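Everything on this sheet refers to the single structure shown next.
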Amino acid sequence: MFGFGTESKEKTAIQRVFRGHQDAFRLIVERYQPVVYAVALAQSGNVVIADKAVVATFRQAFERLVSLTDAKRLGHWLCALTRKETETLTGLRGAERLKARERDPSAKLVDLGWLQSELIEPLNEELSSFSVQERKGLLLNALCGASARTIADYLKIETKEAAEDLARTRENVEKKLLREVAGALLPEMNSKERMVHIMREVAGDAAAIKAARETRLGRVKGRKLPLFITAAAVLVLGIAGFFVYRAFLAAPVEAPVRTASSGPGTPAQPGVETQSPAAPQEPVAVPNNYSLKGTGRGPAFLQRHSRPDRQHGGQIRRDGLLWRL
């Protein structure tokens, strides 16, 4: 859910806090703020109490962080602290119990009154027949995307039990209502203003200013493709455009037409190579004052099979025979 190597980052952040780098506590607040908010909302059913419970939980966690011996138990430990803080806030009486804490007026915040009356109260009616544990599992899944195994780790129950509770609650609660609640609570769960408020309370103004400068909460996520993906996309488009141009736009090149006939009146046939007529050869004069030596072939035969050849003095060589003039 939270990415690869998260436990090592949490362990490093806890060790840095122990060494005196109090601003490293920001990483823990950023990751577990949605989880703590979902647990507090499931237990209290009120967005104001849930907001106060988140602040009180991280304040207690910072003060008691030295008691945490295993970084893998951080999620369950924070959920246990949230349960205690929520019970304390829910048991309070008076007008101050549901009074929202002071907030930065320049920050973009959710209208808690509208959220409570229009979404949370209908959701509480749907969840009234379920136990607190079942409500926690449902909100952890709907708001934080936690699986049954993750829910079991947070609540310290069996994975099978968490899966059964989640399936039963999701079947009976309207999915559209859950989507609306999750969409409305997204900026409230990942609130930069609350994170800075927590850091100011636990580590002072300097750590809060540094956390506000370094955090990624509240920033618009830009969708930037890596350089090699962009180059590959441009290359593919270029190759596709080249083939499209060759297939549809380029002018077809006509092949030369050849014909077997060399006559002037013969029409050219497509696909047949045209041969240019050979240059006319002058007839060769055959001498008549010769004597045949070694054969009985006469002038008529020589006229048909004669070809020009070299002459040497009074002799001429034709067709492999030597003739005397």
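Every number in this text was worked out from the coordinates using simple rules, so none of it is lab data. The model shown is predicted, which means the values in this text are computed figures rather than measured ones. FYI the Cβ positions are ideal-geometry reconstructions off the backbone, even for glycines, and counts take in every protein chain you see.
Between Ala240 and Leu68, what FRET efficiency comes out of the Förster formula 1/(1 + (r/R0)^6) with R0 = 51 Å and r the beta carbon distance, rounded to 0.05?
The value I calculate is 0.35.
Given the Cα-Cα distance of Ala95 and Ser128 and 0.36 nm per residue of separation, how much length would full extension add, in nm?
Gain on stretching Ala95 to Ser128: 9.4 nm.
Tell me the net charge near Arg73. Cut-off is 14 Å between Cβ atoms, Arg73 excluded, with +1 for each Lys or Arg and -1 for each Asp or Glu.
0
Please list 3J(HN,Hα) in residue order for segment 100-108, calculated via the Karplus relation 6.51 cos²θ - 1.76 cosθ + 1.60 where θ = phi - 60°; whole Hz, with x for glycine and proline.
5, 6, 5, 10, 6, x, 7, 7, 7
What is the order of Lys136, Lys175, Lys11, fewest Cβ neighbours within 10 Å to most?
Ordered from fewest to most neighbouring Cβ atoms within 10 Å, Lys136, Lys175, Lys11 come out as Lys175, Lys11, Lys136.
Using 24 Å as the Cα-Cα cut-off, could you pick out the over-long pairs in Lys52/Lys108; Lys84/Lys136; Lys136/Lys160; Lys156/Lys210; Lys52/Lys136; Lys72/Lys156?
Lys156/Lys210
Using θ = phi - 60° and the Karplus relation 6.51 cos²θ - 1.76 cosθ + 1.60, list the HN-Hα couplings for segment 165-170 in order, rounded to whole Hz, with x at every Gly or Pro.
4, 5, 5, 5, 5, 5
By what distance, in whole Å, do the Cα atoms of segment 14-71 stretch along each of the three principal axes, largest value first?
Principal axes ranked by extent give 38, 19, 15 Å for the Cα atoms.
Report the extension gain between Ser117 and Lys160 in nm, rounded to one decimal, defined as 0.36 nm multiplied by the number of residues separating them, less their alpha carbon distance.
Result: 12.1 nm gained on full extension.
Note down the relative contact order for segment 10-109 as a percent, whole number, built from C-alpha pairs under 8 angstrom at least six residues apart.
Value for segment 10-109: 29 percent.
Beta carbons within 10 angstrom, averaged per residue: use that to sort the peptides 28-41, 53-66, highest first.
Highest-to-lowest ranking by the protection proxy: 28-41, 53-66.
Quick one: grab the alpha carbon gyration tensor of segment 6-214, order the square roots of its eigenvalues as a ≥ b ≥ c, and give me rounded if a/c is under 1.5, else prolate or oblate depending on whether a/b is larger than b/c.
oblate
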